[in-house]
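Input: a single structure, listed below in structure tokens.
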Amino acid sequence: MSAPVDSNLFQRLGLKHPLIVAPMAGGPSSVELVAAASSAGALGAMGGAYSNAAAIEAFAVQVRQRTDKPFSINLFIPHSIPEVASDRVDRAVEATARYRQELELPSPQLEAPYEEDFDAQFEAVLGLRPACFSFVFGLLPAEHVRAAKKAGIPLIGTATTLDEARALEESGVDAVTLQGFEAGGHRGIFDARAADPEIGLRDLLAQCVGTIRVPLIAAGGIMTAGGIRAALQAGAQAVQMGTAFLACAEAGTSAPYRRKLLETPERRTRTTRAFSGRFARGIENRFMDEMDGKPEGILPFPAQNKFTRDMRGASTAKGSPDFLSLWSGTGRGELWQGSAAALIDRLFAE
Ligand SMILES: Cc1cc2nc3c(=O)[nH]c(=O)nc-3n(C[C@H](O)[C@H](O)[C@H](O)COP(=O)(O)O)c2cc1C
């Protein structure tokens, strides 16, 4: 077995614990959660995907007002998709007309661009020089890899298969997050249209340890000290945990989402394309159940994500979980509602 190229990435970052509190775009990764995670000796991570450059900069300034500890910024790698044909939009409008009526929303106007300008976001990241830049949904283009290296920013890519991990390693990343099928939120699969390989974290780790030489970060369904220990024993150098932190006091998780997370310790989850056009794992709800039965009414990512934003916003405003993306992993058990620091202390108490 070959030794990792840079086994002390996490030591180099000065972390007390080999834990990344997952970047969770769309609200949960608040300034307070990122700062609290980093202050407590883990790596806090901003989920910047849905923020423009100015918002990313403002967020980082606020984190730095709260802590001088390292934190990372995370973005989605863009994939160009053609303008969505009008008949497809018509079908999506039709499939959701009833929901918009219920939510008292006007008929939607969907126009490109469907996502933030990645190059502008990335420029902001370069200027901010976070302790790490992590990304998901593919490879960072070579010129961006060079620019990050020149700025001294370590890179962390996300893989759901051994092939994706290999491609990331070859592209020059400093570490790879292995995202098992258990993980909450978007699946990091490079090709948004591909079938999900559905590889669980244990198998993915077993395939990559000894083959991938950069440090591996284990993600998906890890909720406890025992889960962390098992991942580290299986060869990961750090873990990334999202769901376990969703109900923490500092998390920006909305009230109806929080309620749903806390309702039962079992949290029945599955993956769906209904909210964004990309597979993502969340707690089953009405929108998921009904839309999964009408795939012709779901637009490709990221158009669907923009298309459903008004419904998600209105659902939150009404305090209803019915039309919300309730991202959550398969991990069971009651979620911690105290501070992130207290949860981190508990996880690393031994
Ligand atoms: C609410 C939520 C939002 C997420 N947003 C992102 C994101 O913006 N970028 C990213 O790389 N991963 C994102 N993820 C996935 C996490 O990075 C990680 O893979 C996952 O949380 C690990 O599984 P767990 O939730 O079971 O701990 C998100 C996860 C959740 C639960």
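Values in this text are rule-based calculations from the coordinates and carry no lab data. Fair warning: this is a prediction, and the values are worked out from it, not measured in the lab. Methodologically, a virtual Cβ is constructed for each residue, glycine included, from the backbone with ideal geometry; neighbour enumeration extends over all protein chains shown.
When +1 charges are put on Lys and Arg Cβ atoms and -1 charges on Asp and Glu Cβ atoms, the dipole computed for the stretch 15-88 relative to its Cα centre reaches about 320 debye.
Modelled spin labels at Asp90 and Ala249, positioned 7 Å past Cα toward Cβ, are 5.5 nm from each other. Counting neighbouring beta carbons within 10 Å and listing from fewest to most, the residues Ile199, Ile217 come out as Ile199, Ile217. In the chain the longest region clear of trypsin sites (Lys or Arg not before Pro) that are loop-assigned by DSSP and have at most 16 other C-beta atoms within 10 Å covers 17-192.
Counting every other Cβ atom within 10 Å of each residue's Cβ, Glu94, Glu164 order from fewest to most as Glu94, Glu164.
Spatial offset of the stretch 182-203 relative to the stretch 30-51 amounts to 23 Å, using the alpha carbon center of each. Would you work out if the stretch 81-208 is rounded, prolate or oblate? Take a ≥ b ≥ c from the square roots of the eigenvalues of the alpha-carbon gyration tensor; rounded if a/c is under 1.5, else prolate when a/b is larger than b/c, oblate otherwise. Oblate, because a/c is 1.5 or more while a/b does not exceed b/c.
Shown in residue order for the stretch 316-326 are the 3J(HN,Hα) couplings computed by the Karplus curve 6.51 cos²θ - 1.76 cosθ + 1.60 at θ = phi - 60°: 4, 4, 7, x, 9, x, 4, 10, 9, 7, 9 Hz (x for Gly and Pro). In this simple spin-label model, placing a label point 7 Å from the Cα along the Cα-to-Cβ direction at both Asp68 and Ser80 gives a separation of 4.6 nm. How big is the antiparallel share of DSSP beta bridges in the stretch 202-304, given as a percent to the nearest 5? In the stretch 202-304, DSSP labels about 50 percent of beta bridges as antiparallel. Of the beta bridges DSSP finds with both residues in the chain, what % are antiparallel, to the nearest 5? Here the share of antiparallel DSSP bridges comes out near 20 percent. Which of Val214, Val125, Val84 moves the most in a Gaussian network model of the chain with Cα springs under 10 Å? Most flexible of the set in this elastic network: Val84. For the chain, the dipole from Cβ point charges (+1 on Lys and Arg, -1 on Asp and Glu) about the Cα centre works out to 760 debye, to the nearest 20.
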